[in-house]
Amino acid sequence: MEGDDLAAIAAIRATLAEGDVDAAFTKLRGRFGWPRGKPLGRATSAEVAQWIALLGAIAAKRGAPQLDELAQAVVADPDSPDRLYDLGFALIDAGVPAVAATVLWRCLSLVGDSEEVVCELVSALETAMAYEDAYAILAERETLRAQSFLCQYLYAFDAAMTGRLDVVRAAAAKLTVDAPEHEAMKGTIDRMLERADRVAEVCPLDHEDLRGWHYVLTGGLLLHQSAYGFPTPMHGRFAWLQDSYARIASGLDRLRPLVGGVPCVYAVEGREHEIVAHAAALKLGLPVAPWPTIGVPAPGLIVVYSLDDLPRSTLSVLAQRRPDQILFAHASPWTHDFPIAPDVTTLLCQSMSPPWGEVMKIDPDSREVTRAEPDRRTAEAIAAEIVASPGLPPDELIADDGLAWDALVACVWPLDQGVRTRLWAGGPVPSNRFD
């Protein structure tokens with residue numbers, strides 16, 4: 001083992017011994033997680049065992065005894081593909097895909113081109129948004145792809161997530177459906193290509209075209225691109241955001257031309273959703289309809305504040321895009337997948353605080369950061385304040401490119417009916433994020 005690896009393991013053990021479990025895990029993930037952990041595919045059994053033992057110790061301290069048990073099984077037999085696979089699979093479920101990828105890469109180095117291991121490794125890499133690495137692994141395994149529909153599908157998908165539309169077209173032509181579950185996967189790729197063809201004349205679909213790729217991958221429209229760190233390193237996405245009434249108002253103003261003819265606004269259950277729904281109703285001059293207790297909402301505008309807070313009980317009724325029904329989310333996540341993509345979203349954000357929640361403030365005299373108490377007024381009162389806002393100032397709208405937006409809308413709106421696609425994390429346009 002290299003000296004710096006030994007030093008890293010010793011430092012992580014010392015941090016763990018001091019009782020700072022989270023810091024120990026952060027250090028381990030930084031050294032053992034993908035891509036820094038990739039060389040362990042060629043490491044000795046003893047080297048692998050040391051890292052996995054440390055992983056197990058941290059898991060035990062964090063209250064994950066099953067992970068610790070799986071890790072100890074690998075320590076006992078670090079060359080067992082089955083034990084490595086079981087641990088990698090569990091790590092994905094535990095929400096640490098970068099560490100899972102390192103473990104599964106080690107497993108793959110022992111078994112060769114196993115469809116099961118390759119697909120699970122690719123799943124870990126995709127969850128970690130390491131699409132380039134997932135694509136490279138599949139691109140190197142043409143024989144396996146020729147034998148496996150799933151590998152060929154993943155190859156096409158990861159080609160799309162890295163912006164390689166020519167590869168997607170070639171791979172899609174080789175997707176032969178021979179099982180019912182394959183139809184949906186092929187449909188995902190086919191619809192991406194259809195959307196790419198639809199906007200080919202108005203969107204460059206390069207590594208800076210966030211709006212274009214958002215439409216191609218999700219079938220939805222992105223109203224607002226962040227002016228912070230534009231174009232690099234954020235390319236229009238937000239990392240952490242303290243939201244504002246002005247930003248919500250600007251999103252609703254841009255939404256207005258898209259919703260002509262809808263009869264009402266539906267407020268999804270939840271205070272945040274109700275606030276924005278009432279603001280949308282005031283902006284559009286529409287009544288607010290109660291969320292149906294059974295069945296599905298009729299034609300109308302369904303309003304969500306943050307897509308991540310959408311009640312899971314609503315997913316089944318929103319899976320299908322119905323006539324004269326628009327799903328709008330003010331904010332949508334971009335660092336993890338979500339089961340459905342909204343038809344329209346104001347912005348893409350990793351983490352956000354609503355303006356009526358606890359707001360960080362800087363004391364003008366002491367310069368100390370304090371937190372204001374949450375606004376406990378009614379949803380209607382806060383909605384009225386949103387509507388009264390003049391919206392974002394020009395310097396926060398400089399990344400929105402009105403001409404490009406108008407051209408995109410003219411090409412794709414109204415959206416086609418059918419199943420709403422998944423909201424995929426990341427994509428060909430890179431942005432910085434925090435862990």
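The values are calculated or read from the model by the stated rules, or taken from the named source; none is laboratory data. In this text the structure is predicted, and so the values were computed from the model without any measurement. With ideal geometry, Cβ positions are generated from the backbone for all residues, glycine too; neighbour counts draw on all protein chains shown. Note: areas computed on protein heavy atoms with side chains; ligands, DNA, RNA excluded. Shrake-Rupley method; radii C 1.70, N 1.55, O 1.52, S 1.80 Å.
Checked against (1) open to solvent by 30 Å² or more (accessible area, probe 1.4 Å); (2) at pLDDT below 95, residue 396 passes all but a single condition, namely (2). If you filter the range 102-119 down to residues that are assigned to a helix (DSSP H, G or I) and not hydrophobic (A, V, I, L, M, F, W, C), you find that the one that is nearest to residue 65 (Cα to Cα) is 102. Take the conditions (1) closer than 30 Å to residue 195 by Cβ; (2) in contact with a Ser or Thr (Cβ under 6 Å, 6 or more places away or on another chain); residue 118 misses just one of them, which is (2). For beta carbons closer than 6 Å, sequence separation of 6+ or different chains, a first residue in the range 293-309 that is open to solvent by less than 60 Å² (accessible area, probe 1.4 Å) and a second that is among the hydroxyl-bearing types (Ser, Thr, Tyr), the qualifying pairs are 297/266; 300/266; 302/266; 307/332. Residues in the range 314-321 include at least one that is open to solvent by 20 Å² or more (accessible area, probe 1.4 Å), touching a residue at least 12 places away in the same chain (Cβ under 8 Å) and either under 28 Å from residue 246 (Cα atoms) or basic (Lys, Arg) (or both). Which one is most open to solvent (accessible area, probe 1.4 Å) among residues in the range 416-435 that are at pLDDT 95 or above and of a type in the set (A, V, I, L, M, F, W, C)? Checked the range 416-435; the qualifying residue most open to solvent (accessible area, probe 1.4 Å) is 424. For the residues 304, 276, the requirement of being in a strand (DSSP E or B), closer than 21 Å to residue 221 by Cβ and of a type in the set (A, V, I, L, M, F, W, C) singles out 304. Mind telling me which of the residues 289, 227, 246 ends up being more than 27 Å from residue 312 (Cα to Cα) and touching a Gly at 6+ places or on another chain (Cβ under 8 Å)? Criteria check complete, one pass: 246. Residues in the range 157-172 that are closer than 11 Å to residue 135 by Cβ and aliphatic (A, V, I, L, M) were compared, and the one that is most open to solvent (accessible area, probe 1.4 Å) is 167. Among the numbered conditions (1) open to solvent by less than 60 Å² (accessible area, probe 1.4 Å); (2) among the hydrophobic types (A, V, I, L, M, F, W, C); (3) at pLDDT below 95, the only one that residue 286 does not meet is (3). Of the residues that make up the range 254-262, is at least one surrounded by fewer than 18 Cβ atoms within 10 Å (Cβ to Cβ), over 27 Å from residue 358 (Cα atoms), touching a residue at least 40 places away in the same chain (Cβ under 8 Å) and in contact with a Pro (Cβ under 7 Å, 6 or more places away or on another chain)? Within the range 254-262, one or more residues are surrounded by fewer than 18 Cβ atoms within 10 Å (Cβ to Cβ), over 27 Å from residue 358 (Cα atoms), touching a residue at least 40 places away in the same chain (Cβ under 8 Å) and in contact with a Pro (Cβ under 7 Å, 6 or more places away or on another chain). Only one of the listed residues (407, 383) is aliphatic (A, V, I, L, M), open to solvent by less than 60 Å² (accessible area, probe 1.4 Å) and either touching a Cys at 6+ places or on another chain (Cβ under 6 Å) or farther than 21 Å from residue 302 by Cα (or both). That residue is 407. The listed residues are 398, 382, and the only one of them that is over 30 Å from residue 126 (Cβ atoms), touching a residue at least 40 places away in the same chain (Cβ under 8 Å) and in contact with a Phe, Trp or Tyr (Cβ under 7 Å, 6 or more places away or on another chain) turns out to be 382. If we keep just the residues of the range 230-252 that are open to solvent by 30 Å² or more (accessible area, probe 1.4 Å) and not hydrophobic (A, V, I, L, M, F, W, C), which is farthest from residue 206 (Cα to Cα)? Selected residue: 245. Just a yes or no: is a residue in the range 180-195 in contact with a Leu (Cβ under 7 Å, 6 or more places away or on another chain), open to solvent by less than 30 Å² (accessible area, probe 1.4 Å) and within 23 Å of residue 405 (Cα to Cα)? Scanning the range 180-195, I find at least one residue that is in contact with a Leu (Cβ under 7 Å, 6 or more places away or on another chain), open to solvent by less than 30 Å² (accessible area, probe 1.4 Å) and within 23 Å of residue 405 (Cα to Cα), so the answer is yes. Among the residues of the range 386-396, is there at least one that is among the aliphatic types (A, V, I, L, M), in contact with a helix residue (DSSP H, G or I) (Cβ under 9 Å, 6 or more places away or on another chain) and within 26 Å of residue 216 (Cβ to Cβ)? No: the range 386-396 contains no residue that is among the aliphatic types (A, V, I, L, M), in contact with a helix residue (DSSP H, G or I) (Cβ under 9 Å, 6 or more places away or on another chain) and within 26 Å of residue 216 (Cβ to Cβ). Against the numbered list (1) assigned to a loop (DSSP other than H, G, I, E, B); (2) closer than 30 Å to residue 51 by Cα, residue 122 comes up short only at (1). Residues that are of a type outside the set (S, T, N, Q), under 25 Å from residue 146 (Cα atoms) and at pLDDT 95 or above within the range 112-128 comprise 115, 116, 117, 118, 119, 120, 121, 122, 124, 125, 126, listed in sequence order.
Annotation note: of 425, 407, the sole residue that is part of a helix (DSSP H, G or I), of a type outside the set (Asp, Glu) and on the phi < 0 side of the Ramachandran plot is 407.
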